[in-house]
Amino acid sequence: MFFVDKPYVSEFVKKTLRENNLPVVGTSVAKSLELDAGSVLLSEEEAIERARRQNHPILYATSENCIGWMARHLSFTDIPAKIELFKNKVKFREMTRPIFPEFYFREIPMDDLEKIRFEDLVVPFIIKPAVGFFSMGVHKVANHGEWVAVMAAIKAEMERTRGLYPEEVMDSRSFIIEECIEGEEYAIDAYFDADGKPVVLGIFKHVFSSGYDVSDRVYVSSKSIIEENLVGFTEILGKIGTMAGVRNFPVHVEVRRTDEGRVLPIEVNPMRFGGWCTTADMTFCAYGFNPYLYYFAQQRPDWDAILRGKDGKLFSIIVLDNASGIEAKDISCFDYDRLLTRFECPLELRKIDYREYPVFGFLFTQTRESNFAELERILISDLKEFIRT
């Protein structure tokens, strides 16, 4: 069964649902999202009954907003507990401690952030909400001066994002402080099949502008990125899946690979692939297979065949987050046409209401490896050049 919810459902997902008769749980939000005519809607009661009849139902959610529904209505299954095991970053670190016994982390209630002694912390470190989303409230700290500034920034960010997402998705009552993991960062779409074996459906390298950049601006996939990481990432997913005991379970995983080749997980996002229908949709644009259908049909990509002819090509997701410092209420428009002229081969532009969410949109692009400079330019841009006030 498929769950759809705010903030966004792509036209590609809507088409996939309609053309393949994938059943969608007919929540009130789902009915308001203008799915294609002919889409199969299940009543909530029927969806609950279907889940009751199956040991490990195959479920997928476009948004973590659906987690609350699952917690309320599927408590007779182990699904809510498995979701919590991944969604709560503290519980995830505790679960994976046997694999990474030396990894430093600690949980701190929001109200206690100003009370802790900085001298008691291991620096540098990352601080983020124990239950979070979309890099909100995520900061790197290397000294006391930065710590003071970060605490003020966190308060402002949590106030600014209050009410955007349910508590199951974004909860600022508790934070996790953990050691910095050095190395290249990657995002992985995958699922655990009926036997609990991991199946990787996509790999994206998360490109940063500096060591202090924690934004989600640029994600890049390519033949070499997938070939160099497929075996290692599948192996670490297998260990995590065994510890969690998950079956028929989709995930969007963030990891870092150190210079020595060791792979350490940053977080595992349950029941979905990349948020806002991004990474899975981009995988279809880039490589021609539909990750949603592969999950529901329990198919494994033939990567050797899929990657033929992809040499020298970069496939990127550009997240147009509002990094300008300009309040949405003061923005009259965003110049999307000018933005498109900055890229040699735009594949798809998705405009978002930046007055409701702190993002102008998402851009899918294809770039020659020799023209990586166009990605570097947008990576460091605060986007003011496209904003009219």
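Read-outs: derived from the displayed coordinates by stated rules, not from any lab. All figures in this text were calculated on a predicted structure; none of them were measured in a lab. All Cβ positions, even for glycine, are placed from backbone atoms using ideal geometry, and neighbour counts span all protein chains on display.
Can you tell which of PRO124, PRO265, PRO346 shows the greatest fluctuation in a Gaussian network model of the chain with Cα springs below 10 Å?
In this elastic network of the chain, the residue with the biggest mean-square fluctuation among PRO124, PRO265, PRO346 is PRO124.
Given the options TYR294, ILE188, ILE127, identify the residue whose Cα lies farthest towards the positive end of the charge dipole of the chain (+1 on Cβ of Lys, Arg; -1 on Cβ of Asp, Glu).
TYR294
Please work out which option in [x] 166; [y] 145; [z] 122 gives volume of the Cα convex hull per residue in Å³ calculated from these coordinates, and answer with its label.
Calculated volume of the Cα convex hull per residue in Å³: the matching label is [y].
Find me the longest stretch of the chain that has none of the exposed trypsin sites (Lys or Arg not before Pro), where exposed means in a DSSP loop (not H, G, I, E or B) with at most 15 other Cβ atoms within 10 Å.
Working: sites that count: ARG53, LYS115, ARG117, ARG162, ARG262, ARG308, ARG355.
Looking at the chain, 163-261 is the longest stretch - no exposed trypsin sites (Lys or Arg not before Pro) with at most 15 other Cβ atoms within 10 Å.
Placing unit charges on C-beta atoms (Lys and Arg positive, Asp and Glu negative, everything else neutral), compute the dipole magnitude of the chain about its Cα centre in debye, rounded to 20. Let's see the in-between values first.
On the way: 48 positive and 61 negative charges, 125 e Å.
The dipole of the chain has a size of about 600 debye.
With the dipole of region 184-388 worked out from charges on the C-beta (+1 for Lys and Arg, -1 for Asp and Glu) around the Cα centre, which of LEU264, PRO198, SER215 lies farthest toward the positive end?
PRO198
Could you work out how far the C-alpha centroid of region 1-69 sits from that of region 318-389, in angstrom?
Between the Cα centre of region 1-69 and that of region 318-389, the gap is 30 Å.
What's the magnitude of the charge dipole for region 2-85 around its Cα centre, counting Lys and Arg as +1 and Asp and Glu as -1 at the beta-carbon? Answer in Debye, nearest 20. Intermediate results must be reported in sequence, preceding the final value.
On the way: 10 positive and 12 negative charges, 18 e Å.
Roughly 80 debye for region 2-85.
Kindly flag which residue pairs out of LYS14/LYS87; LYS310/LYS384; LYS91/LYS313; LYS15/LYS91 have an alpha-carbon separation exceeding 30 Å in this structure.
Numbers: LYS14/LYS87 26 Å; LYS310/LYS384 34 Å; LYS91/LYS313 39 Å; LYS15/LYS91 36 Å.
Violating the 30 Å Cα-Cα cut-off are LYS310/LYS384; LYS91/LYS313; LYS15/LYS91.
Can you list the HN-Hα couplings for region 108-117, worked out from phi with the Karplus curve (6.51, -1.76, 1.60; θ = phi - 60°), rounded to whole Hz and with x for Gly and Pro?
Values, residue by residue: 9, x, 3, 5, 9, 4, 7, 8, 6, 7 Hz.
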